Amino acid sequence: MRNVTVIDVKRWHREWRKPKAEGLPERIKRASDAIAMFRRILGFGFSLGHDECGTLVERVATLRFERSGAREEQMTFAQAATFVRKALEMGKAGVIPYERARSMALGVAAQFDLLLRQKDIIGEWIPARPDIAGAIYDDAGDMWIGRFRWDNLPGWRLRLKTSKTRSAIEFDLQNYSLLFPLLESVPLHQRGGAIVKDERGLPVRDRSYRKWFRQIARAAGIPDEVWSMDSRAGGATEADEAGADFKAISDHLTHAETRTTVRYIRRVHKRTATVAEARNRKRAAEGAAKRGADDRQLSLFGEEEK
């Protein structure tokens, strides 16, 4: 590490941001994420006593790299519903295993309806530790932990602390028209363990989830620019367009600050149009009031002349 310089870091950044293929856009987000990960690794190394990592952290801190803009894509309700239908169709037709198809439909419906992060829906696999309550273990030495599981739905109520902010939240799942019918359709004898799982009955891993999502999304005609994570923004945007209270949407997203929520409401032009309409109404009202006042003045002048 002592031989690494900021020149090396700049070169790595240039390589990381190169297009995947000729004619495609530069991968700015990929490069930005890689630099952020490198900085975290340096910080971890320094905390372990490697002083050269701390020195490089200070030097890298002087560099400024272009960051990608906020995402503007969203998954609409129509796309989410189409994804669910296509997944089930592919499962029934044997294109993909039915258990996988149903789980993918459940996962996307849950992300869209509940406005939860993907990690809160599919949980995560980590190196196994013994005797962890609720954990599911595999033969490869890993264990799965997550709260979106059948034994955590008493009375169709889901309670959890979100993975990022650790905010406690509760859902009455019977209120969610896309997700609840899918949950109800699962036979009683299959309601065990994780809700989103593969054809072997094990909780799905994030890499498989992303790959299977894209396979079904393409079959459903959903553009590649729309990611699984965009279902969360799509649900928030739908709520905003429906007139839901902004603070309530923020609470549903478990955001600590409402300014974070603004990034999830994709159709900003809808809000600007609403503001413009309100201003136009005010101007029209003021114009009518002024015309009324002018008419009254003219009436008074007429009476004085008489």
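Relative contact order for the chain: 17 percent, from Cα pairs under 8 Å spaced at least 6 residues apart, divided by residue count.
Separation of the alpha carbons by more than 31 angstrom is noted, of Lys20/Lys161; Lys20/Lys92; Lys86/Lys247; Lys197/Lys247; Lys20/Lys86; Lys92/Lys247, for Lys20/Lys161; Lys20/Lys92; Lys86/Lys247; Lys197/Lys247; Lys92/Lys247.
For segment 1-153, carbon and sulfur atoms together expose 53% of the accessible surface, with a 1.4 angstrom probe and every protein chain in place. Rounded to the nearest Hz, the phi-derived 3J(HN,Hα) couplings of segment 149-154 under the Karplus curve 6.51 cos²θ - 1.76 cosθ + 1.60 (θ = phi - 60°) are 9, 5, 7, 10, 10, x, where x marks glycine and proline.
Per residue, the average separation of C-alpha pairs within less than 8 Å and at least 6 apart gives segment 90-242 a relative contact order of 29 percent.
Against the chain, whose longest principal axis comes from its Cα atoms, helix 28-47 is set at around 60 degrees. For segment 92-239, the per residue solvent-accessible surface stands at 48 Å², with DNA, RNA and ligands left out and a 1.4 Å probe. On segment 178-238, 52 percent of the accessible area sits on carbon and sulfur atoms, based on a 1.4 Å probe.
Take Tyr176: with every protein chain present and a 1.4 Å probe, its accessible area is about 40 Å². The convex hull of the Cα atoms of the chain, projected and averaged over all directions, covers 27.5 nm².
The values are calculated or read from the model by the stated rules, or taken from the named source; none is laboratory data. All values derive from a computational prediction rather than experimental measurement. What goes into the accessible areas is simple: the full protein's heavy atoms, side chains included, and nothing from ligands, DNA or RNA. Shrake-Rupley method; radii C 1.70, N 1.55, O 1.52, S 1.80 Å.
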